[in-house]
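The values are calculated or read from the model by the stated rules, or taken from the named source; none is laboratory data. All values reported here derive from a predicted model rather than from experimental measurement. Glycine gets a Cβ as well: all are built from the backbone with ideal geometry, and neighbour counts include every protein chain shown. Side chains are part of the model used for accessible areas, which takes the heavy atoms of the whole protein and leaves out ligands, DNA and RNA. Shrake-Rupley method; radii C 1.70, N 1.55, O 1.52, S 1.80 Å.
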Amino acid sequence: MPVPTATQCRSCGDSDGEVVLDLGRQPSWDRMPWADVPLPDPEFDLQMWFCRSCSLAQLRCDADGVDEMFAVEPRAVAEQSDRSIARLDAEGLVGPGRTVAEFGSPHGESWLARLAGRGMDALGDGDADRPADLVVDFYGLLHEPDQEAALSARVAALAPGGTLAMQMLSLGTVLVERQWYDLRHGHHAYWSLPALDAALRRHGLGVHRVFWYPMSGGTVLVTARRDPEPDAATLRLIEAERAAGVTDAAALRGLQRAAADAHELRDWLVAEHDAGRTVAAYGAASRSVPLICHAGLHSGLLRMVGDASPTKQGRRMPGTDIPVVTPDELVAARPDRVLLFLAELADEVRDSVPGIESAGGQWVLLDPAPRVLELSPAS
Ligand SMILES: [Zn+2]
């Protein structure tokens, strides 16, 4: 079956829509070249297309052969998985003898071991004909080029009366927090809660509960089932997204203006450079790539990026000459400032890479403008 691309919606198939965010030509963020591979890297259009028919914001066309590298799971992601699973348990969806299937992703560790640890019967590849009382989707859906087929597969895996549980970054967060850099190759769908509810209803389900968590600016855990009975808190979260403009192309075009602010990062780095300070960064995460590329950065402004993932070390940031180094190499370079692209990792990296501050360096957060992290009293 042909995969919908370009101007045909990946969910409803309609072609009535428009590009709301255009980041131009960008290298594929997942293809991190070895440090000695010469520039330029292949570049591909990076655009968010909004379907006026079903309100799904989506990747217009992909890069060739995106192949995400599994990164070391940050503590913040693991802790969120624990919270989400505890929440599913509290909702009465987890229990001994019940079956669970997972649509996972490279964004973190599978939930199946944790759910099996709570007595659930985890279904694997050989259990295709066994229905699941609980289907969990941990950032799986967004990686599917054909959203309609992907939703069908998840619904088909459910037992009668079963629940589909999805953890995702909602389009509402991307819009409200101006996180234009969450648009990336390989991530085909940017669901808002209203659009997701409507799409689920085409498949016989509907949003039953939404739980909101602060990770990545706003992460949601959504449960869906037949005959949903959303409570007042869930309806408020759905309506808050609608009010923010997730179903309105004009509101979503605000992301284009937010992307234009990338120059503020560059301006700050130029000022630091002129003041004689060395700036590095930590976290060669996916969202760092569009930030670095759109801001036009190079190693003269941003010396290096430290990352704990061995699969990334020895490489360079796509589209630039900025090397990815080990945390030890980062500390040895004694940078005056270390930019942290993922603010929620601040506590974790201050613990795991104490050498930055003990050598007199300071962590800097992007939120979205660079801000020197308030240092807690020395412990
Ligand atoms: Zn559509």
Sum of -39500 (n - 2.57) over DSSP H runs of 4+, divided by residues of the chain (222 nm, nearest 500): -8000 deg cm²/dmol
Any idea what the relative contact order of the chain is, in percent, if you count C-alpha pairs under 8 Å spaced at least 6 apart? 16
Roughly how big is the chain's charge dipole about its Cα centre, with Cβ charges of +1 (Lys, Arg) and -1 (Asp, Glu), in debye to the nearest 20? 380
May I ask you to give the percent of accessible area on the chain that is carbon plus sulfur, with a probe radius of 1.4 Å? 51
Count charges around ALA195 for me, please; just the other residues with Cβ under 14 Å from its Cβ, Lys/Arg as +1, Asp/Glu as -1. -1
Find the relative contact order for segment 75-255 and round it to a whole percent, using C-alpha pairs within less than 8 Å whose residues are 6+ positions apart. 18
What accessible area per residue, rounded to a whole number of Å², is obtained for the chain using a probe radius of 1.4 Å? 41
Residues with amide H under 5 Å of ALA281's amide H, sequence separation 5 or more or different chain, H placed in the peptide plane at 1.01 Å from N; which? MET304, VAL305, GLY306, LEU339
Once normalised by the length of segment 17-65, the mean sequence separation of its alpha carbon contacts under 8 Å that are 6 or more apart gives a contact order in percent of 42
Charge tally in the Cβ shell below 13 Å around ALA232, where Lys, Arg are +1 and Asp, Glu are -1, ALA232 excluded: -1
Residues whose built amide H sits under 5 Å from the amide H of GLU91, excluding neighbours closer than 5 in sequence, are none
Looking at the calculated P(r) for the chain, what percent of the C-alpha pair distances fall above 41 Å? 14
Quick one: what are the phi-derived ³J(HN,Hα) couplings along segment 46-52, Karplus 6.51/-1.76/1.60 with θ = phi - 60°, whole Hz, x for glycine and proline? 10, 9, 9, 10, 10, 7, 6
Using packing as a proxy for protection, rank 248-259, 163-174, 315-326 so that the peptide with the highest average count of other Cβ atoms within 10 Å comes first. 163-174, 315-326, 248-259
In order through segment 112-118: 3J(HN,Hα) via Karplus (6.51 cos²θ - 1.76 cosθ + 1.60), integer Hz, x for Gly, Pro: 4, 5, 5, 6, 5, x, 9
Rounded to whole Hz and in sequence order, give me ³J(HN,Hα) for segment 320-333 from the Karplus expression 6.51 cos²θ - 1.76 cosθ + 1.60, θ = phi - 60°, writing x for Gly and Pro. 9, 9, 7, x, 9, 10, 6, x, 5, 5, 4, 4, 5, 6
Order 124-132, 148-156, 183-191, 271-279 from most to least packed using the mean count of other Cβ atoms within 10 Å. 183-191, 148-156, 271-279, 124-132
